Structure formats: structure tokens, C-alpha cells
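These notes concern the structure reproduced below.
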Amino acid sequence: MKERLNYIDNLRGLLILLVILGHCIQWIDVNFDHNIIFRYIYSFHMPLFMFISGYVSYSSNYKWTSIKRRFIQLIVPFVAWSMLSMTLSGNYSLNWLTRPDTSLWFLWVLFWIGCVHLGLSKLSKQFQIYEEIIILIACIVFLGLLFINKFSFGFHLFAWYLPFYCAGAITRKHQSNLFYKLVDFKWLFLLLFIILGYFWMRQESPTFINTNSTAIIYFYKFLVGFIGCYTFILFAQMYNYKVLYICELGGGMTLGIYAIHQFVIKFLIESHLYDIDCMGLWGQICSIFFMTLILTVFSYQILSHIPFLSQLFLGKKH
């Protein structure tokens, strides 16, 4: 059993709150792509989730048996939630399999990234090549394929997030030297993130340039994503103690909250339980956010106390 890192749990707790907030903005603000809070959140939150996943999963001796454990933790809940969504919507197609971005894509992509990273690590030991070199080559190859063709089964998401996961693992491997050198630059990282994140756009080029170059758009998003990752993890290390409630959200509830909250938001919006038109934009967003958080945590607690449902939907064994 690995020792829990409080600063990582705090950071994951913060990130899952930002995930909920970002999705609330998407549901409420019709012009969400130009919402500055939304843009800052989306510029780094999923890259940082992948970065943290690689960071906490790092091992000096990866074992193939871990794939079975990750399958239960990630793929089983992915299929279970997708099947539930399919049943509730009455749409019985398998689009969620060929296009996991229409479902809980993070679980699907994280599993396959973990498998590939494990394979690359084994490969480096087999041929006695530096792990960092093999990982760099693999990331370049997969990213290069994005410029050639579009793929199904979430390949574009896999290729995009693989470097962030691997960067997290490599950072953990060299953390004693790397963090010691980077910590003095944390305020510079923060300043760069604030400036570069301001111009970040989800599906367009940065607001300060007008270009159709996919390479430039990808590069800018990578740059902001990586700067955001190191900014937040450097500052998080300053608070290596449990931040009340936030640490609990990131300590073991993240997957469940990620899965449940989207169903809750959809239910709140479509059920019209209360009149949200009488409030301003941020009043609506904040109201939906807090209601979603409360109902999501409540639903999680129910699922987590039912062994079969906990394993099926949360990937947890009792």
C-alpha cells in the first residue's frame, strides 16, 4: 500500500471541483467557449489529471498484473456507466465504444495510456535503453499520427494525453532533483500560466493570433497545459497536509464524482426543479454547482456502501 500524498489528494480534490464547475458553465452559459473562467479551467485541468495519474502510478518495477487491477478500476465502471446512460436515454447504439468522448472518456483513455506506459517501461528494461528516450519517441509518434488521420475508439484523446501522463511518471521518478530545481521558479510558472491561459481557446487558435495551423494550435495548448501542470503541483507541494473536505474528495472519491456529477447536472437542468431564470448567469452557475456537488457526494456515499454497485460503478472492492 503506497503512502498517501496529501498534496496530491488536495490537488485532485480541487480539480474535481473545477471539473464540476466547468461542466456547469457549459450547461448554463451558451457562450461558454468565451467564458474566461471556463477557458482557464479547461486549459489545464484534464492535462493535470493525467499528469497526476502518471505521478501516483509511477513504480520502479511495473508489473503486468497491475493491468487487471486497472481494468476493474477503470474499464468496468466505464462500461457500466455507459450502459446506464444508454438505457436511460433509450439509445441502444454502441457509439460510446467507438467514440468514448461521448461517455466517460477519461476512464477509457487512462486505462490504455497506463497499459502503453507500462509496456514502454518494460521495453526500456528489456533493451537497456533509457526509459525517457523510449517514452519521448512514442509520444512523438502518437502525436504525429494525429496530423495524418482521425481514429476511432478515442485514439486522438489517447495520443493527446499520453505525454502528460508520462511527464507525471517521469517527474515522480526524478522528483528529488527536479522539484528542488523548479520550486524556485513557481511564481514565474504561475505568471506564465495566467498570461498564456488568458489567450487559450478550446477549439480555436489563441486569441492573440489568427491562424489555421493545427501545429501552432496544438503547440500552444501543450505549452499552456504543461505550464499549468507544473504550476499547480509546485504550489500544491507547499501544502502537504490535509485540507479539510478537499483532501477527502481527492482521496478516493474522484472517479465516482467524475462519473456521477454529469448525470446530476443533466437531471437538475432538465427537471426544472426550481426557476433559474430569475438569477444572473453566475447566480445560476453557482446554484447548479452547489446542488450538483451535494447530490453527487450523497449519491456517491450510497453507491460506496453497496458492495456490488461500488465495484461495478466505482471500481472499488470491499
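The values are calculated or read from the model by the stated rules, or taken from the named source; none is laboratory data. Since the structure is predicted, the reported quantities are computational estimates derived from the model, not experimental observations. As a convention, Cβ positions derive from the backbone with ideal geometry for all residues, glycine included, and neighbour counts pool all protein chains shown. Protein only, heavy atoms only, side chains kept; ligands, DNA and RNA dropped before computing areas. Shrake-Rupley method; radii C 1.70, N 1.55, O 1.52, S 1.80 Å.
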Quiz item: Using the membrane-span-like helix rule (whole DSSP H runs, Cα extent along the own axis of at least 15 Å, mean Kyte-Doolittle hydropathy at least -0.5), which helices of the chain qualify?
Solution: 6-28, 36-57, 76-89, 105-126, 131-146, 155-173, 186-198, 214-236, 254-271, 281-304
Quiz item: For the range 217-318, which whole percent of the accessible surface, found with a 1.4 angstrom probe, sits on carbon and sulfur atoms?
Solution: 70
Practice problem: May I ask you to list the chymotrypsin sites (Phe, Trp or Tyr not before Pro) in the range 133-195 that are in a DSSP loop and have at most 14 other Cβ atoms within 10 Å of their Cβ? | Solution: F147, F151, F153
Quiz item: To the nearest 10 square angstrom, what accessible area does T214 show with a 1.4 Å probe?
Solution: 70
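Quick one: Kirkwood hydrodynamic radius for the chain, alpha-carbon pairs, angstrom, one decimal? Spell out each step's value before the answer.
On the way: mean 1/r = 0.0481 Å⁻¹.
Over the chain, the inverse of the mean reciprocal pair distance is 20.8 Å.
For the range 96-201, what is the accessible area per residue in Å² when the probe is 1.4 Å?
55
Leaving out ligands, DNA and RNA, what percent of the accessible area of the range 9-107 is carbon and sulfur, probe 1.4 Å? Working shown, then result.
Values: 2630 of 4220 Å².
Roughly 62 percent, rounded to a whole number.
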Quiz item: Probe 1.4 Å, all protein chains in place: accessible area of I67 in Å², nearest 10?
Solution: 50
